[in-house]
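What follows is a set of notes on a single structure, which appears directly below.
The values are calculated or read from the model by the stated rules, or taken from the named source; none is laboratory data. Because the structure is a prediction, the values reported are computed rather than measured. We place every Cβ from the backbone using ideal geometry, glycine too, and count neighbours over all the protein chains shown.
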Amino acid sequence: MLAPSASARPFHWFPALLLAAYLIEFVALGLHPADRATWWAENIPILLLAGLLTVLYGRGVRFSNLAYALMSVLIFLHTVGGHYTFEKVPFDWFNHLFGFKRNMFDRVAHFSVGFYAYALIEYTDSRQLIRSRAISYLYPLCVIGTVAMSYELIEWVYAELAGGDSGAAFLGSQGDIWDAQKDMLADTSGAIFALLLYALFRRGNKVR
């Protein structure tokens, strides 16, 4: 395991603060959600994700503060979406600002999925797992694309099995027949954004 320089070592209170904020949000928004079945379906993956990051941290895999901040965006947004259902999250200010006719909260959340590309390349770089510079950037992009595709399949299967309002709320297509494709585009666009950030700020951002 590569040890970072003193200047690159993350402040240990920061990921702990993010975890505490998430737990408070989870409990608060778990009270009286719009649809309990949808709430569970939306929150279980996020609970598993937060749990995984916590276990990795406990085992000494610690990312930079910027990586933790980026990864927390999806966790916070997804928890909000689980409370209201993504279609009904109060997001009018954003939709009106850009002239969107549908609620774009789900697309913003999908964009934040791509932020995990930052942590992925940070991890592979600090351990020198990928020698080729081009492949080191292509790998996290492909991982995010695969995750995006897989999640769309999960949404489809759940919507078919749950049916009714719960299935429709989890799917959240809002009548857009290209919703799945646009969601995947948002995921990969977020990954490109995160990789550009890494290219700008990668010095000193090492995994411990």
*Run down V61, V80 and say which single residue is surrounded by fewer than 19 Cβ atoms within 10 Å (Cβ to Cβ) and more than 30 Å from L200 (Cα to Cα).*
V80
_Matching helices (runs of 4 or more DSSP H) fully within the range 103-162 where at least 2 residues are free of Cβ contacts under 8 Å to residues at least 24 places away in the same chain and over 20 Å from A67 (Cβ atoms)_ = 133-162
*Identify the single condition in (1) at pLDDT 90 or above; (2) surrounded by fewer than 21 Cβ atoms within 10 Å (Cβ to Cβ); (3) touching a Gly at 6+ places or on another chain (Cβ under 9 Å) that Y158 does not satisfy, given that it satisfies every other one.*
(1)
*Restricted to the range 52-102, and to residues that are among the hydroxyl-bearing types (S, T, Y) and in a helix (DSSP H, G or I), which residue is farthest from L19 (Cα to Cα)?*
Y84
*Would you check which residues across the range 50-68 are in contact (Cβ under 8 Å) with a residue 40 or more places away in the chain and touching a helix residue (DSSP H, G or I) at 6+ places or on another chain (Cβ under 7 Å) and list them?*
Y57, F63, S64, N65, L66, A67, Y68
_What's the number of the only condition in (1) out of contact with any Gly (no Cβ under 8 Å at 6 or more places or on another chain); (2) at pLDDT 95 or above that I46 fails to meet?_
(1)
*From the set of residues in the range 17-42 that are in a helix (DSSP H, G or I) and modelled with pLDDT under 95, which is surrounded by the fewest Cβ atoms within 10 Å (Cβ to Cβ)?*
R36
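One line per residue, one yes/no per condition, for (1) closer than 21 Å to S72 by Cα; (2) at pLDDT 90 or above; (3) touching a Phe, Trp or Tyr at 6+ places or on another chain (Cβ under 9 Å):
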| position | (1), (2), (3) |
| --- | --- |
| F100 | no, no, yes |
| Y123 | yes, yes, yes |
| A134 | no, yes, no |
| T146 | yes, yes, no |
| G164 | no, no, no |
| G167 | no, no, yes |
*Just checking, how many residues over the range 70-93 are out of contact with any Ser or Thr (no Cβ under 7 Å at 6 or more places or on another chain) and either of a type in the set (A, V, I, L, M) or under 17 Å from F193 (Cβ atoms) (or both)?*
6
*Total residues in the range 30-71, condition within 15 Å of T85 (Cβ to Cβ) and basic (K, R)*: 1
